[in-house]
Amino acid sequence: MATPLPLVFSAPKRGMPPAHFADLSDEQRIEALSELGLPKFRLNQIARHYYGRLEADPMTMTDLPEDARAKVKEALFPTLMEPLRVVEADDENTQKTLWKLHDGTLLESVLMRYPDRATLCISSQAGCGMACPFCATGQGGLDRNLSIGEIVDQVRNAAATMHAEGGRLSNIVFMGMGEPLANYKRVVSAVRQITQPSPDGFGISQRSVTVSTVGLAPAIRKLADEDMSVTLAVSLHTPDDELRDELVPVNNRWSVAEVLDAARYYADKSGRRVSIEYALIRDINDQGWRADMLGEKLHKALGSRVHVNLIPLNPTPGSKWDASPRERQDEFVRRVIAQGVPCTVRDTKGQEIAAACGQLAAEEK
Ligand code: SF4
């Protein structure tokens with residue numbers, strides 16, 4: 001019997017933006033075009049502009065009849081977001097954009113340029129309802145789910161930026177604001193549009209897309225059944241229920257064992273290695289015995305199909321949570337590896353521009 005989906009999956013309707021091309025199925029797009037008096041073949045032209053050439057303004061789509069462009073813009077390409085602030089760091093290799101949405105809500109995306117790739121970290125919700133106490137976004141609560149268009153257009157914008165520089169956007173991580181699996185249907189639709197080849201999507205490889213979660217076990221299983229080869233990243237942050245109940249309150253609903261069971265199901269179905277995210281917090285979850293327990297539990301649940309990403313905590317202003325000292329971090333890595341589980345420290349690109357999720361939006365508020 002299917003596990004009933006929890007309440008966190010219900011989508012707040014308030015404040016959703018007007019429908020955008022990316023929100024609609026092909027049937028709905030054809031219907032909208034026909035209401036404008038345009039034939040079906042225009043769909044393919046418009047999709048090539050949006051996904052292939054990364055253009056979102058029909059006024060520049062010169063193969064559309066001149067008198068149709070404004071109508072297409074009004075019906076299918078409303079302005080979804082406008083940049084409010086752009087902050088750069090790491091010699092301009094990291095660029096964080098704070099977007100203002102149509103109803104005034106704020107969201108962030110971060111573009112990180114590396115020598116061999118360009119990764120965009122995107123948001124799936126405005127705010128977040130998961131209430132992790134060490135996280136700036138969690139303190140503000142959930143404003144609302146993002147629409148498919150608002151998720152997809154973060155990618156189009158960054159892909160256009162990279163294209164203009166002669167580069168290519170190669171990787172997407174859903175690790176910005178929000179819990180992606182709490183906005184499940186829209187996130188899955190966005191992943192399909194990100195990964196399908198043009199004219200159905202941007203053609204980024206599924207293997208280069210990472211979907212993170214705090215551990216909504218039924219949704220992890222559901223994602224596994226979508227038969228996609230995206231990487232699953234589980235924000236575990238501690239291997240024991242006692243502390244996890246506090247650090248990641250959703251643990252009160254799905255325990256560490258249930259989350260790891262679901263992660264194993266994902267690894268079995270997708271053939272992909274699961275990534276375990278662990279924000280290392282001084283004197284909270286950085287003890288040697290916790291490293292041993294983490295390695296042991298992961299090895300037992302996932303064998304060699306797991307990798308631990310340690311994230312030195314980026315302290316939020318005024319918070320009591322702090323990053324672990326370097327020696328503690330090194331010792332933690334060593335002890336996890338000793339249990340047969342690969343473990344590395346995540347590059348903290350962008351830390352100087354407040355790259356903890358939600359931090360820029362929290363400052364703005
Ligand atoms: S850490 Fe992630 S899941 Fe937890 S409150 Fe922050 S954004 Fe939400």
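Using only Cα atoms and rounding to the nearest 10 degrees, what angle (0 to 90) does helix 184-195 make with the longest principal axis of the chain? It works out to around 70 degrees. Taking 156, 48, 186 as the candidate residues, the one with maximal mean-square fluctuation in a Gaussian network model of the chain, Cα springs under 10 Å, is 48.
Rounded to 0.05, the FRET efficiency of the residue 74 and residue 168 pair, given R0 = 30 Å and the Cβ-Cβ distance, is 0.40.
Hey, fewest Cβ within 10 Å first, where do 307, 237 land in order?
Ascending Cβ contact count within 10 Å gives the list 307, 237.
Peptide packing: for 298-306, 326-334, the average count of neighbouring Cβ atoms within 10 Å per residue gives the ranking 298-306, 326-334, highest mean first. Partner aspartates and glutamates whose Cα lies under 16 Å from the Cα of residue 40, excluding those fewer than 8 positions away in the same chain, are identified as 26, 27, 31, 63, 200. Taking the Cα centre of the range 233-294 as origin and assigning +1 to Lys and Arg Cβ atoms and -1 to Asp and Glu Cβ atoms, the resulting dipole is close to 400 debye.
Considering only 88, 27, 277, the mean-square fluctuation computed in a Gaussian network model of the chain, springs between alpha carbons under 10 angstrom, is largest for 27. The angle separating the long axis of helix 148-164 from the principal Cα axis of greatest extent in the chain is about 80 degrees.
Going by alpha carbons, how many degrees (0 to 90, nearest 10) lie between the helix axis of 288-302 and the longest principal axis of the chain? Taking the Cα atoms of the chain, the angle to 288-302 is about 60 degrees. Ranked by how many other Cβ atoms sit within 10 Å of their own Cβ, fewest first, the residues 122, 284 fall in the order 284, 122.
A dipole drawn for the chain from +1 and -1 charges on Cβ atoms has a positive end, and of 232, 145, 252 the residue lying farthest that way is 232. Greater than 30 Å separation of Cα atoms is the criterion. Which listed pairs, 96/320; 100/269; 96/185, meet it? Too far apart for the 30 Å limit: 100/269.
With Cα atoms defining each centre, the range 198-239 and the range 299-336 are spaced 21 Å apart in the structure.
Basic side chains Lys and Arg get +1 at the Cβ, acidic Asp and Glu get -1 at the Cβ, and with that the dipole of the chain about its Cα centre reaches some 640 debye.
Comparing 112, 87, 32 along the charge dipole axis of the range 7-113, the residue lying farthest to the positive side is 32, per the Cβ-charge model. Taking the helices alone, the chain has a mean residue ellipticity at 222 nm of -10500 deg cm²/dmol, built from -39,500 (n - 2.57) per DSSP H run of at least 4 residues and averaged over all its residues.
No lab work stands behind these numbers, since they all come straight from the coordinates. This one's a predicted model, so the numbers in the text were calculated from it and none came from an experiment. Every residue, glycine as well, gets a Cβ built from its backbone with ideal geometry; the counts of neighbours run over all protein chains shown.
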